[in-house]
1. May I ask you to order 109-115, 97-103, 146-152 by the average number of other C-beta atoms within 10 Å around their residues, highest value first?
2. Hey, can you rank 126-138, 52-64 by average C-beta count inside 10 Å, highest first?
3. By how many nm would the segment from ILE117 to CYS155 grow when fully extended, if each residue of separation counts as 0.36 nm and the alpha-carbon distance is taken off?
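What follows is calculated from the coordinates using simple rules that are stated; it is not laboratory data. Owing to the predicted nature of the structure, the values given are computational and were not obtained by experimental measurement. Reconstructed Cβ throughout: ideal geometry from the backbone, glycine too, with neighbour counts over all protein chains shown.
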Amino acid sequence: MDDFVKEKLAEWGLSSLKDIFEHQADLAVFHILPYLLPPGFHQSAQGKRTKFSKVEAARAFIDIQPVGTNIPQYLRLLGMDLEANQEKAIRKQPYVLALGDMLSPTQVFLMAERLAIEHDSTIAAIDACFKAFYVLNIEYPPACKNVWRFLQHACYGVEGGEREINPTVRSLITAMKKE
């Protein structure tokens, strides 16, 4: 871990997080991306554009629910929510559902078509989710499209949609290639 980060965590009274981030850095990055990259916009049928919040973007990317969440009930409520509010549904499918703590979930699922497909890790579920978008040629959810576009270009090296890449995403990818 970078000395600067260690110093800042100590300065902010968060020294206990050092161990977590040192051992879970790969997973922490995925939770930081929706806050680092700008969220997308929602366009109503009337043409009005509203920006999603960073919290909405994070939830659209990885929905974190408490341990013991009843998956069948969650799926039923999700179905009712999607039917009642189809126009501004934050969570378009597929997406990742994690049960438990953000950095050490007890269960992780790829959610697709109101099905919960369990995976061994958050990274495996994110990988399966990206591949579902790609293979099925599904548009990324508007709230977190910049996160998925970043992963598409920076991690998977899949070209396409360059005209739609947000400048922040483009500059982050460029900076990473220079390293």
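1. 146-152, 97-103, 109-115
2. The most tightly packed comes first, giving 52-64, 126-138.
3. My answer for the length gained is 11.4 nm.
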